[in-house]
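Chemist: My questions will all concern the structure given below.
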Amino acid sequence: MTDASYRFTHAITRRPAASITRGLRAVDTGSPDLAVMQAHHADYIAALRSTGATVVELPPLDNYPDSVFVEDTALCLPQGAVIMRPGAPSRLGEAAEMAPHLAALYADIRPITGAGSYIEGGDILVTETEILVGRSARTNAVGIAEMTSLVAPWGHKVREVMTPPGVLHFKTDCSLLDGDTILSTERLAASGCFRDYRVIHTAPGEEAAANSIRFNDLVLVPAGFPATRDRITAAGFGVREIGNSECAKLDGGMSCLSLRFSPPAR
Ligand code: GLY
C-alpha cells in the first residue's frame, strides 16, 4: 500500500475575503469575524508548512464570499487534476479562478463541463484504494458519473455513497487518517460505507471534529473537541489543533481550507 492519499508535497489555500460575512451557511449562528478567521487561517498554513510542504497562498476573492474553501474547486490526484462544477450557484465561478493555478503545476487538467453536472471537492474522499463520492445537495449523480469517466483512464475507481441528510458535504462527517483508518461520525459510519476500513468514531456531541485532515505527519483537528482529539492521539497519530470557530459558522472545517496534492514532476 502506498501513502499518496495523505502524504503531499503541496497545498493551495486562499486567504479569506472581507465578503466572508456573506458566506453560505445552513443555520445563521452569527457573522464570522474576519480578523479571527485570518489568525486561524495563518495557524492552519503554518501547520501545513511545518510538515515540509510547499503551501501556495492565493489572494482573497471578494466576489466569492466562500472562496476561502478552496477544496470544493478541484480534485487533485497524482496523475492530474479535475476542475469541479460547484452545486452552489454563488460558488460556480470559483472553479475557473482555481484552474490556472493548477495548470501551472499539472500538465493534465480535466474540467467537469456538463450543464447538469454538479460536484464539489468536499464530497470526495480519496483513499489508497478508491475514491468515495457522496451525493449531497451540492453533488449529483450526473456530476459523479462525469468525474468517474475523467479519472478512470488514470486508473482510479470511484464509489458513489450518500452524504447524510442535512449534512453539507460527505467530508463534513469523515476524514482519512491513514491507508486504512477513517475518522467518522457514528451517523455516517452507520451507513456501512466504511465497512472495509478501520473506523475511529468522533466522540458523542463532537461530530464537528470529523472534518479533520491527515497531512504528512500531522492530523489537523478543529480545536474544541478534546474527547475526539484524545481518541486520535491514542490511536498513535500526531495531532495539531487549529481554531475553527469562524469557519464553523459557515459549515467549514479543516479539509475545506486547502487542496492537498503531489503534482508529477514536469
Ligand atoms: N459555506 C461553505 C459552503 O456552503 O459551501
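The values are calculated or read from the model by the stated rules, or taken from the named source; none is laboratory data. The structure displayed is predicted, hence computed values, not measured ones. In this analysis, Cβ positions are derived from the backbone assuming ideal geometry, glycine residues included, and neighbour counts consider all displayed protein chains. Each accessible area value is taken on the protein alone, full model and side chains, heavy atoms only, with ligands, DNA and RNA left out. Shrake-Rupley method; radii C 1.70, N 1.55, O 1.52, S 1.80 Å.
Chemist: From the residues in region 197-219 that are touching a residue at least 60 places away in the same chain (Cβ under 8 Å) and outside any strand (DSSP E or B), which one is most open to solvent (accessible area, probe 1.4 Å)? Break it down stepwise before answering.
Modeler: Keep residues of region 197-219 that are touching a residue at least 60 places away in the same chain (Cβ under 8 Å), which gives 197, 214-218.
So of that shortlist, the ones also outside any strand (DSSP E or B) come out as 197, 216-217.
Working: 197: 29, 216: 15, 217: 106 Å².
In this case the residue turns out to be 217.
Chemist: Right, something else. Among 139, 148, which is the only one that is of a type outside the set (A, V, I, L, M, F, W, C) and away from the ligand (no atom under 16 Å from the Cβ)? Walk me through it before giving the result.
Modeler: Numbers: 139 fails: away from the ligand (no atom under 16 Å from the Cβ).
Going through 139, 148 in turn, just one is of a type outside the set (A, V, I, L, M, F, W, C) and away from the ligand (no atom under 16 Å from the Cβ): 148.
Chemist: Residues 81, 53: which one is modelled with pLDDT of 95 or more, touching an Asp or Glu at 6+ places or on another chain (Cβ under 8 Å) and under 27 Å from residue 177 (Cβ atoms)? Write out each step before concluding.
Modeler: Values: 53 fails: touching an Asp or Glu at 6+ places or on another chain (Cβ under 8 Å).
Just one listed residue meets the conditions, 81.
Chemist: Could you list, in sequence order, the residues of region 165-181 that are away from the ligand (no atom under 15 Å from the Cβ) and open to solvent by 40 Å² or more (accessible area, probe 1.4 Å)?
Modeler: Correct list: 165, 180.
Chemist: For region 142-192, which fully contained strands (runs of 3 or more DSSP E) count at least 3 residues that are more than 23 Å from residue 88 (Cα to Cα) and polar (S, T, N, Q)? It would help to see each step written out before you state the result.
Modeler: Working: elements: 158-162, 174-178, 181-184.
Answer list for region 142-192: none.
Chemist: Follow-up. If you go through region 1-19, how many residues are within 14 Å of the ligand (Cβ to nearest atom) and either part of a strand (DSSP E or B) or of a type in the set (A, V, I, L, M, F, W, C) (or both)? Steps first, please.
Modeler: Just the residues of region 1-19 that are within 14 Å of the ligand (Cβ to nearest atom), to begin with: 14, 16-17, 19.
Next, only the ones that are either part of a strand (DSSP E or B) or of a type in the set (A, V, I, L, M, F, W, C) (or both) stay: 14, 17.
Here the count works out to 2.
Chemist: So which residues in region 220-266 are more than 18 Å from residue 52 (Cβ to Cβ), within 16 Å of the ligand (Cβ to nearest atom) and either of a type in the set (Asp, Glu) or outside any helix (DSSP H, G or I) (or both)?
Modeler: Within region 220-266, 222, 244, 246, 249, 250, 251, 252, 253, 254 qualify.
Chemist: Kindly indicate whether residue 260 is more than 18 Å from residue 164 (Cβ to Cβ), among the charged types (D, E, K, R) and in contact (Cβ under 8 Å) with a residue 40 or more places away in the chain.
Modeler: Yes: the conditions hold for residue 260.
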